[in-house]
1. From the phi of every residue in region 6-16, what ³J(HN,Hα) in whole Hz does the Karplus formula 6.51 cos²θ - 1.76 cosθ + 1.60 yield, where θ is phi - 60° and glycine or proline is x?
2. Which FRET efficiency, nearest 0.05, do Val4 and Arg223 yield, Cβ-Cβ r, R0 51 Å?
3. Across region 192-201, in residue order, what do the Karplus-derived ³J(HN,Hα) couplings come to in whole Hz, using 6.51 cos²θ - 1.76 cosθ + 1.60 with θ = phi - 60° and x for Gly and Pro?
4. Which residue fluctuates the most in the chain, going by a Gaussian network model with Cα springs under 10 Å, if the choices are Ser159, Ser65, Ser168?
5. Multiply the residue separation of Ser32 and Leu92 by 0.36 nm, subtract the distance between their alpha-carbon atoms, and state the gained length in nm to one decimal.
6. With all distinct Cα pairs included, what does the Kirkwood hydrodynamic radius of the chain come out to in Å, to one decimal, could you say?
Amino acid sequence: MQQVAPLPRPLSAGIVAALLVCAAAAWLVTVSQAGSMGMGGIAMVGAALFLITWLVMMVAMMFPSVAPMTLAFASVTRSRGAGVAPTAAFVLGYLLVWTAAGLVPLAILQAASHIWMTAPSWLPRVGGAVIVAAGIYQFTPLKDACLRACRSPLGFILSHDFGGGSASAVRAGVSHGTYCLGCCWALMAVLAVLGLMNIAWMAVFAAVFFIEKNVRRGELLPRIVGVACVAGGLAVVVWPVLL
């Protein structure tokens, strides 16, 4: 097995600081935009602006939780004598996955833009059903497998080693991004129901993502969240006014 030396503390701190500064800047941009963009406003923006807004949201919500995986990748590449360029490429690959994932809500919003304007009476019940489905997903083997991968940074990087160079680093980032997407997509669907740019719910789900991936015994959190989603979603189906 490849020997991986710990990162020097200044380099480790610099990587974490860079991720957190990007996340903080993204939060500031998102907060400044949230007041003028409800669901209807998001539905009316162009595709390019939506994807930029989505990407900024992902940086805000995901960069703190991805820091341990990024540090693990930097440790492996530094052990090979590489600089920081592969680490930046790894983060780029990660963002490519979440940018591509943004095409799904974009397509739904554009295909049903007239629905957000008229707000039919059945729409909250559909939202409640989405929340229930997201809660059920928290108990599935796929969720467990994706979460295990995200909770084992060094093991994941060593088992998804595509070689040296920036192209391989992007591929590794895409691989991690795919597991992260598998871990988080259901709650992102819940966020879309509650309000895609609802700052309070964004902060709650960002905290959930960080805890379940990085905190001791955090793997138990999806079960708690799953129960809450199923109960809350059923309540919305019965009493749509709750949504």
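We did not get these values from a lab; they are worked out from the coordinates using the rules stated. Here the structure is a predicted model, which means the values were calculated and not measured. No Cβ is skipped: glycine too gets one built from the backbone with ideal geometry, and neighbour counts run over all protein chains shown.
1. Coupling constants for region 6-16: x, 5, x, 4, x, 5, 4, 5, x, 5, 4 Hz.
2. 0.95
3. 4, 5, 6, x, 4, 10, 6, 4, 4, 5
4. Ser159
5. Numbers: separation 60, 0.36 × 60 = 21.60 nm, distance 2.46 nm.
Stretched fully, the Ser32-Leu92 segment lengthens by 19.1 nm.
6. Across the chain, the inverse of the average 1/r is 18.8 Å.
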